[in-house]
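Structure record follows, encoded as structure tokens.
All of the numbers you see were taken from the coordinates with simple rules; none came from a lab. Everything numeric here is computed off the predicted structure, so don't read it as measured data. Because the Cβ atoms are built from the backbone with ideal geometry, glycine has one as well, and the counts that use them run over all protein chains shown.
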Amino acid sequence: MFRKPCKPSKLSDLKERKLRKRMEKVQPQTAVLEEPFSADIETNVRKFQRIFGNTGDLSRRDFLLEGEQGVEVVLFYIDGLVDKGAISEVVLKPFLFHNLDEEEKRLLPGNAYQLIKTSLITSAEVKEAEKFSELVDLVLVGHVAVFVEGSEKVLAVDVKGWKDRGVEEPESEAFIRGPREGFTETLRTNTALIRRRIKTPNLEFNTITVGEYTKTDVCVVYIRGLTNPDIVREVESRIRRIKTDGILESGYLEDFIEDDYKTPFVLVDRTERPDKVAAGLLEGKVAILVDGTPFALIVPVVFGEILQSAEDYYEGNDYIRPIRWIALLVALFLPSFYVALTTFHQEMIPPGLALSMAAGREGVPVPAAVEAFMMEITFDFLREAGIRMPRPVGQAIGILGAVVIGQAAVAAGVVSPIMVIVVSLTAICSFLIPNYSASVAIRFLRYIMLLLGGVLGLVGVFWGMMMLLLHLASLRSFGIPYLYPVAPMVSRELRDIFVRTPWWTMDERPRLLRTSDQRRQAPGQRPRPPQSGRRRKSGEDQDEY
Amino acid sequence: MSIEKGRISFYSQGIVLTMFLPYLHRPEGAPWIVVASSVLLGIAILLSILGMIAFFGAEETSRMMFPAFEFAKAVRLSVVERIEAFVVGIWVATTGLKVMVIYYSGILAFAYSLNLQDYRPLVLPISLFLVVLSASMFADTTHLREFMAHYANPYGSTFQVGIPLLLYILALFRRKDR
């Protein structure tokens, strides 16, 4: 007998086959997830345990429910995700201490499941699972599974409870005046923080689960009847499109749902503050909460908003807005401007100043552009090091940096004193931008401007400015032009861009968000001194509205 | 004011913008904006020319090649002086924008007349012509002065006033036929 001749398999094919075989062994069994439960408790429990493999944190508790021939009950829960006190309170205690009356005892063997569901479990939230996949999902978010003998359904009782950080003051957005609550890592806490600020049944939290492994709950928040439904739909469809292993932070999501990734600017706003989210919702925006992170996303966002801080509306310092705009320009253009002036347009500097600047630059071995570049990079190094270090060390880095760039570098003649002033002024100004991601973007663009200024002088700087404006004008955030309300000019909304006018002037919501209800408040609420000689009737104002 | 004589051809360049009329969101508002912006522009230029004449005198100004440039040269503030680099920077940037607009409209027109679906394949080849033309247009400032004084107006008005006017008249006749 001869074996049929066949083509010898290639080595790579063999290897692949071997690998696949090995992988099959460790592959999780997904088929069993779609199976319904059988009436036999033993089979159910065995299958359920096999789904989880030999993980250490799946706890099991067996007991018998009294009766004529004792009904077997098995509990499963993930240790650490559940509150054990709650388990004993709502599940175990009633099971073990409840004295069944004669009627119940007689019914027990056939109707144990119904009995447990209706009269034994004392939890507010009880769900029924008919398939393994449903039960597994529930157990993984902190339910306890109750397998009952002779039932084709399994109960899942909500006993969530894990270590939570608690509501603290947000560190990345600290205020002088304003609420001190910040989001936490638990989605439920975060939704409650928003709900407590907006007490309307129209506030909706639409939960979408994203991530094949992480099964992260992503919450799309909006106010029904106020937010433009098109934006809500767009946000939801963009989130639903995501197919990925996991979402660990809202930054993952941001990358997936942004309109344009080829830009340093933020097209999605993020915040740790529930009051800021509430303010955005009331403007007709959509917020996105992600489980496991205190950072919520707000869309759409326009350029003017990166210079707005929620505190602007709490503390009446109206002049801070123009200062921020100036700071933005300084942070973006000062180094390139300085370099252009000293390299190409010395005639623009008055003689006295020019002489002292030249004296300062005397020993500097490199051109001004390189010098500026060096200093900017050094500053970015220091800043990054200060953030990554543990806090006490971070302060030491600050002092070190001040000495290194401020003092020693000048004394050693590596940089000129004016350059130190320029760089530190730029750094301070970049910290004035309330939105951290935006300030990173500005810092990045500064290098490009520096390059243009160093190569082409003022012409280059203006060219960069032009290109930047063109780029900004081309950006969209969920369909809203990024330069709105400046570039599609809506003059009445400029009241909140370069300055902040009092609340009673801003009667309408941003027009381009196309909210269903454009009006924010009754017009003409400017406070006036009481008119003499005429008493106002109390109901008058309300009639006007 | 040899250079100022060429102004008319500068003004009539606005006709290029009519290329974008079909792309406007609300074309019905365009005429008013055009009129208002030309008036504003005229006022701005008038003011700057008034300033120059007041500063240098009419004789001197008329002899200058770029009076605005000389004007900026004379600025002296306590921290900055001679801001003509500033002016040149703005000139270059705005001229860049102007080149973009005119270039884009030119390519659009080209694509129209060739009945092309998409203007994009034309961008690179025509840019080659643009570069060559920009280098060979004026040999030196004398050439520029000569061109501006004698040829800019007839040249500019032929293309920027004459042909559009002709097209407009044709369009009027064609509408009558219909």
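When only Cα pairs below 8 angstrom with a gap of at least 6 residues are kept, chain B shows a relative contact order of 41 percent. Between amide H atoms placed 1.01 Å from N, distances below 5 Å from residue A:508 occur with A:520, all of them 5 or more places distant or on a separate chain.
In order along segment B:19-36, the Karplus-derived 3J(HN,Hα) couplings, from 6.51 cos²θ - 1.76 cosθ + 1.60 at θ = phi - 60°, round to 4, 8, 3, x, 8, 6, 6, 10, x, 5, x, 4, x, 5, 5, 4, 4, 4 Hz, and Gly and Pro are given as x. Compute the distance from the alpha-carbon center of segment A:324-343 to that of segment A:441-460, in whole Å. About 9 Å separates the Cα centre of segment A:324-343 from the one of segment A:441-460. In sequence order, segment B:148-160 has phi-based couplings of 4, 6, 10, 10, 4, 5, x, 5, x, 6, 4, 8, 9 Hz under the Karplus curve 6.51 cos²θ - 1.76 cosθ + 1.60, θ = phi - 60°, and Gly or Pro positions carry x. For segment B:138-178, the Cβ-based charge dipole about the Cα centre amounts to some 460 debye (Lys, Arg positive; Asp, Glu negative; other atoms uncharged). Normalised by the number of residues in chain A, the average gap of Cα pairs under 8 Å and 6 or more apart makes the relative contact order 12 percent. Once amide H atoms are built 1.01 Å from N in the peptide plane, which residues 5 or more positions from residue A:477, or in another chain, come under 5 Å H to H? Counting only residues 5 or more places away or on other chains, the set is A:482. Does segment A:235-275 come out rounded, prolate or oblate by the C-alpha gyration tensor, with a ≥ b ≥ c the root eigenvalues, rounded set by a/c under 1.5 and, if not, prolate when a/b is larger than b/c and oblate if not? Oblate. Just report the Cα centroid separation between segment B:27-44 and segment A:178-230, whole Å. The two parts, judged by their Cα centres, are 48 Å apart. How about residue A:21: which aspartates and glutamates have a C-alpha closer than 13 Å to its C-alpha, ignoring those fewer than 8 places off in the same chain? By straight Cα distance, residue A:21 reaches A:13. Think of chain A as a dipole: +1 on every Lys or Arg Cβ, -1 on every Asp or Glu Cβ, centred on the Cα centre; then among A:396, A:340, A:75, A:340 lies furthest on the positive end. For segment A:107-182, the Cβ-based charge dipole about the Cα centre amounts to some 180 debye (Lys, Arg positive; Asp, Glu negative; other atoms uncharged). The phi torsions of segment A:42-51, fed into the Karplus equation with coefficients 6.51, -1.76 and 1.60 and a -60° offset, translate into couplings of 4, 4, 4, 5, 5, 5, 4, 5, 5, 4 Hz, rounded to whole numbers, with Gly and Pro shown as x. Within the listed set B:22, B:154, B:164, the Gaussian network model of chain B (springs between alpha-carbon atoms below 10 Å) gives the highest mean-square fluctuation for B:22.
Only helices enter this figure: runs of n ≥ 4 DSSP H residues, each worth -39500 (n - 2.57), summed and divided by the residues of chain A, yield -13000 deg cm²/dmol at 222 nm to the nearest 500. One equal scatterer on each Cα of the protein assembly as shown, no solvent, Debye formula: the resulting log10 I(q)/I(0) at q = 0.05, 0.06, 0.10 Å⁻¹ is -0.44, -0.61, -1.21.
Exposure proxy ranking for A:482, A:113, based on other Cβ atoms within 10 angstrom of each Cβ and starting from the fewest, stands as A:113, A:482.
Looking at this model, which pairs from A:10/A:243; A:262/A:285; A:47/A:127 are more than 31 angstrom apart at the alpha-carbon? Going by Cα-Cα distance, A:10/A:243 fall outside the 31 Å limit.
With contacts taken as Cα pairs under 8 Å and at least 6 residues apart, segment A:371-512 reaches a relative contact order of 13 percent.
In segment B:138-178, taking the dipole from charged Cβ atoms about the Cα centre, the farthest positive-side position among B:142, B:162, B:173 is held by B:173.
Its Cα centre serving as origin, chain A has a Cβ charge dipole (Lys and Arg +1, Asp and Glu -1) of approximately 1280 debye. In chain B, helices alone account for a calculated mean residue ellipticity at 222 nm of -20500 deg cm²/dmol, with every DSSP H run of four or more residues adding -39,500 (n - 2.57). Positive end of the dipole of the protein assembly as shown (Cβ unit charges, origin at the Cα centre): among A:264, B:33, A:427, the Cα lying farthest that way belongs to B:33.
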